[in-house]
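Only the coordinates and a few stated rules stand behind these numbers; no lab work does. Owing to the predicted nature of the structure, the values given are computational and were not obtained by experimental measurement. Cβ placement follows ideal geometry from the backbone for every residue including glycine, while neighbour counts extend to all protein chains displayed.
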Amino acid sequence: MSSLLIRNAHLVTLDEANRCIENGSVYVEDERIVAVGKIAPGVSADREFDAGGNVVMPGLINTHHHLYSTFARGFTPPGSPATDFEEILGKLWWKLDKALDAEDVYYSALLALMEAARKGCTTIIDHHASPSCSEGSLDHLEQAFRDVGLSGCLCYEVSDRNAEGEGIEENLRYIRQCRETGDGQMTALFGMHAQMTLGAKTLDRCAEAGLSVDAGFHVHVAEDLCDVRAARETYGKPIMDRFVDAGIAGPKSIFVHGVHLGPEAMEQLRATDSMLV
C-alpha cells in the first residue's frame, strides 16, 4: 500500500456545504482519497507534500470535448474563408476528422490530455469522429487517457455524412467493453453528431442500439440555426421533438450547445431531466 499526505492546503471542498478549510490536509491511499480536512498531526505517509497554503480542490470535469481538434491549432483551411457554420464544418472540421488515422487519434488526444492534467482537469467527456478509421478508434483514445492517467467518458459521433449509420457499431462495441472489462477509469456514452446529419432511419437505429444497452446519449443540438431549420424543413417538427420522440432524451443523456433552443425545447430538457452543456 502506498500513501500520500498533502498538508497546509487551502481546501476548496465543493462538497454539499461548500466548505473551505484553511491549513487542511488530503490523505491518499493507493491512489484513492480517503480523508479530507483537519488531519491529526501525528498522521504520516510514504510521501508528504507541503502545499504552502495554495488552493487544493477536486479535479475539474470537461463535459464536452473534441480531443482530435488539437490538430486544428494554427490551421487555416485553403481557399476562401468560411462564411457560415456549415462552411466551417465542410472546410475545416469534416476535412480534419476524415484525414485522421489511428496514430493521429492517439497523439491528438495525448497532447490535449497532458495539457488538461497540467490545468487541473482530471475527467473529460469526449465526442470523437475519425471516419477513415472509426473501428477501434475509441481504444486509441482510451490508451492516451491511460498513459496520462486521466478518467474519460468516450463516444463516437454517428452521422450519415460519410456512410449511413457510420459509428453505430463502434459505440456499441466500446460501451460493452467498458462494462465487461473496464476498471472504472473509462466509461462510455452513445454518440451522435447532430440531428441535421442524422436521417430518420439512422436516428431510429441509434435510439434502438443505445437503449438496448441502457446507454445515455451525447449529441449536439441547435449549435447553429441551420440545425433548427433542418428539423423543421425536413421533418416538420421542432428540433428537440426528434430526440424526445426517439426516446433519446433522459437523465443519462448530454445535449451540447443549445444556442438556439427556445423555451419549449428548454422545458423538454427539464421534463426529461436531460443535461445541457
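Arranged by the count of other C-beta atoms within 10 angstrom, fewest first, what order do HIS140, HIS66 take?
Values: HIS140 22, HIS66 17.
So the residues, fewest neighbours to most, are HIS66, HIS140.
For GLU164 and ASN23, calculate 0.36 nm times their separation in residues minus their Cα-Cα distance, and state this gained length in nm to one decimal. Display every interim value, and only then the final one.
Numbers: separation 141, 0.36 × 141 = 50.76 nm, distance 5.74 nm.
The GLU164-ASN23 span can extend by a further 45.0 nm.
Tell me the relative contact order for region 54-189 as a rounded percent, counting alpha carbon contacts under 8 Å between residues six or more apart. Each step should come with its number before you reach the end.
On the way: 189 pairs, mean separation 33.8, N = 136.
Rounded, it is 25 percent for region 54-189.
DSSP beta bridges in region 60-276, what fraction antiparallel, as a percent rounded to 5?
On the way: 1 of 25 bridges.
Close to 5 percent.
Treat every Asp and Glu Cβ in region 186-255 as -1 and every Lys and Arg Cβ as +1, leave all other atoms uncharged, and give the resulting dipole magnitude about the Cα centre to the nearest 20 debye. Mind dumping the intermediate values first?
Values: 7 positive and 9 negative charges, 14 e Å.
So the magnitude is around 60 debye.
Any idea what log10 I(q)/I(0) is at q = 0.09, 0.19 Å⁻¹ for region 1-134, Debye with uniform C-alpha scatterers and no solvent?
The calculated log intensity ratios at q = 0.09, 0.19 Å⁻¹ are -0.46, -1.05.
So if each residue of separation counts as 0.36 nm, and I subtract the Cα-Cα distance between ASP46 and LYS95, what length gain in nm does that give?
On the way: separation 49, 0.36 × 49 = 17.64 nm, distance 5.01 nm.
Working it through step by step, the gained length comes to 12.6 nm.
Among LEU11, LEU111, which comes first, then next, by fewest other beta-carbon atoms within 10 Å?
Values: LEU11 23, LEU111 15.
With the fewest neighbours first, LEU11, LEU111 line up as LEU111, LEU11.
Ordered by residue, what ³J(HN,Hα) values in Hz, to whole numbers, does region 180-194 give under the Karplus form 6.51 cos²θ - 1.76 cosθ + 1.60, where θ = phi - 60° and Gly and Pro are x?
So the J values, rounded to whole Hz, are 8, 10, x, 10, x, 5, 10, 10, 8, 10, 9, x, 9, 6, 6.
Nearest 5 percent is fine: what portion of the DSSP beta bridges confined to region 3-56 is antiparallel? The partial results should precede the final answer.
On the way: 12 of 18 bridges.
Restricted to region 3-56, the bridges split so that about 65 percent are antiparallel.
Modelled label-to-label distance, ARG176 and ARG270, 7 Å Cα→beta-carbon offset: nm?
4.0
Could you compute the FRET efficiency for ALA200 and MET114, with r as their C-beta to C-beta distance and R0 at 51 Å, rounded to 0.05?
Numbers: r = 41 Å, r/R0 = 0.81.
Rounded to the nearest 0.05, the efficiency is 0.80.
Select from ASP245, ASP30, ASP214 the residue whose mean-square fluctuation is largest in a Gaussian network model of the chain (Cα-Cα springs shorter than 10 Å).
ASP30
Taking a cut-off of 20 Å, what percent of all Cα-Cα pairs in region 149-277 are separated by more than that?
Working: 3394 of 8256 pairs.
Roughly 41 percent, once rounded to a whole number.
Identify the residues of region 243-264 with backbone N under 17 Å of a label point that sits 7 angstrom from the Cα of LEU211 along the Cα-to-Cβ direction, or state none.
243-254
Pick out which of MET114, MET266, MET57 has the largest mean-square fluctuation in a Gaussian network model of the chain, springs linking Cα atoms closer than 10 Å.
Evaluated over the chain, the most mobile residue of the options is MET57.
May I ask for log10 I(q)/I(0) of region 3-56 at q = 0.14, 0.26 Å⁻¹, from a Debye sum over the Cα atoms as equal point scatterers with solvent left out?
-0.32, -1.03
Could you compute how fast the chain diffuses translationally, taking Rh as the Kirkwood radius over C-alpha pairs and applying Stokes-Einstein at 20 °C with viscosity 1.002 mPa s? Give it in µm² per second.
Details: Rh = 20.7 Å.
Once the numbers are plugged in, D ends up at 104 µm²/s.
Kindly state, to the nearest 0.05, the FRET efficiency for GLN143 paired with PHE75, given R0 = 35 Å and r defined as their beta-carbon distance. Please report the intermediate quantities before stating the final value.
Numbers: r = 25 Å, r/R0 = 0.70.
Rounded to the nearest 0.05, the efficiency is 0.90.
Over what distance in Å are the Cα centres of region 259-277 and region 122-161 separated?
26
Could you list which residues have their amide H under 5 Å from that of LEU100, counting only those 5 or more apart in sequence or on another chain, with H placed in the peptide plane?
The list, which skips near neighbours in sequence, is SER132.
Taking the number of other C-beta atoms within 10 Å as the exposure measure, put MET186, MET275, MET1 in order starting with the fewest. Numbers along the way, then the final one.
Working: MET186 21, MET275 17, MET1 5.
The fewest-first ordering by Cβ neighbours comes to MET1, MET275, MET186.
With only Lys, Arg, Asp and Glu charged, each at its Cβ (+1 for the first two, -1 for the last two), find how big the charge dipole of the chain is about the Cα centre; round to the nearest 20 debye. Walk me through the numbers on the way to the answer.
Numbers: 24 positive and 42 negative charges, 98 e Å.
My answer is approximately 460 debye.
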